[in-house]
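Novice: I'd like to ask some things about the structure below.
The values are calculated or read from the model by the stated rules, or taken from the named source; none is laboratory data. Bear in mind that the values here come from a model prediction, so they are computed numbers and not experimental data. Please note: Cβ atoms are built from the backbone with ideal geometry, for glycine as well, and neighbour counts cover all protein chains shown. Areas reflect the complete protein model, heavy atoms only, side chains present, ligands, DNA and RNA absent. Shrake-Rupley method; radii C 1.70, N 1.55, O 1.52, S 1.80 Å.
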Amino acid sequence: MSDFPSDILFDIFLRLPIKSLLRFRCVSPFWRNIIDDPCLAYVHRTRFAEESKVLLLDHPKHKPDVTFREDHGGFLKASLSLVTQFATLKAYFFEGCCNGLVCFTKSCDDSLVFLFNPLRHEVLALQPRPCSSTAPTSDPPLRKRKYGLGFDCSKNTYKIVRVFKNQRNSTLCAEVFTLGRSSSSSSWRSAIGKGPDHCPLFGRPIFACGALHWLSIATPDDDHNNNNLEGNKIVSFDISKEEFGLISTPKSFLSCHLLDLRGDLGVVDCSSDRQIEIWVLKEYYGKIKKWVKEYEIGLKAPIGAVDNTWIEVIGIWEEGEILVRYVGSFLSYDPKSDGLRYIHIPGFSHHDDTEVLCHKGTLLSLSRFQEEEL
């Protein structure tokens, strides 16, 4: 099989699912080198349309090895045992995901950042930022920093972003780590642009439309200092330009969270006790942003709750249905029939700390960057 020209094999591999390609690595070193080529990983993601699966990230208890399995019904399960080699048991914090990779920080020291590829069972520890007593912005207290993982499609590179507040003037600042092939590119550096001031960031970021997005909600302490922040805003960080921006939400929400809807930015309104609304931002790159209410799901708040704060929309998965986390259960909403059905996720218990997310895998091998990063 090594007699096949590499360009022909490359084209064939672009048409196959990731699960098959990972098995084919065992055929020969020649095949393995092609499948492990980062170029194949980047092109494969744009050419081969795979359905999102539900990924369960298990916090291991007494499992020393990484486990991974594919269950019936589009469920993936991966153990985080490899992450615990760098951070002790349950001592890491899930920061977000992008294009098949998952980002974690160490709970007791969030300057330590890890990337995890569940399909390849690989973990990459990034170089920590060097300490500098002469830095213009001193390090904020633990967990006051926000992290995000994005992808720069113009350069086919992943970027990890660390956002924090300038201790002098309360503006947002960012540092960027580019996952590159040289030690000069794989290091923390200050981003080009400065962010808005008095914009507290909440929750995990959502990567959509080439940018990371955090929800920012004005607090009483912020109102008298900043006239630009009224109610809800979304703070964006363009991964390619490395610049901050502000996006207005369609209306003021009492309770909401952000969502990635197959590459589009969405916001979920959980303010009502009878339904949840999903708004999608259209014409993202235009000067005038246009929000459209795409979905309205009739779902009553849990008994004793005044709103649907306990409900989390996870994302779109098989057949275009929307996966919803409802307290300790999961529901799937079908927009075509306007119906809800209960979903049993094998191996999930609402008593543990399992992370659940909609996930599309990547062929990218983190071992390619191991020498430069460690």
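Novice: For a protection proxy built on the mean count of beta-carbon atoms within 10 angstrom, sort 268-278, 95-105 highest first, please.
Specialist: Those peptides, ordered most packed to least, come out 95-105, 268-278.
Novice: How large is the Rg to Rh ratio of region 251-298 when both quantities use alpha carbon positions and Rh follows Kirkwood?
Specialist: Rg/Rh: 0.98.
Novice: Can I ask one more? Collect residues whose amide H, placed 1.01 Å from N in the peptide plane, falls under 5 Å from the amide H of Leu261; neighbours closer than 5 in sequence don't count.
Specialist: Excluding prolines and chain starts, which carry no amide H, the hits are Gly266.
Novice: If I stretch the segment between Glu296 and Val327 completely, what's the gain in nm (0.36 nm per residue apart, minus their alpha carbon distance), one decimal?
Specialist: 9.3 nm
Novice: Ordered by packing density, taken as the mean number of other Cβ atoms within 10 Å over each peptide's residues, highest first, how do 109-122, 319-332, 249-262 rank?
Specialist: So the order, starting with the most tightly packed, is 109-122, 249-262, 319-332.
Novice: For the pairs Lys194/Lys300; Lys19/Lys251; Lys53/Lys159; Lys165/Lys290; Lys146/Lys251, note any where the Cα-Cα span goes beyond 31 Å.
Specialist: With Cα atoms farther than 31 Å apart: Lys194/Lys300; Lys19/Lys251.
Novice: Continuing with the same structure: Averaged per residue, what accessible surface does region 258-316 expose to a 1.4 Å probe, in Å²?
Specialist: With the other protein chains kept in place, region 258-316 gives 54 Å² per residue.
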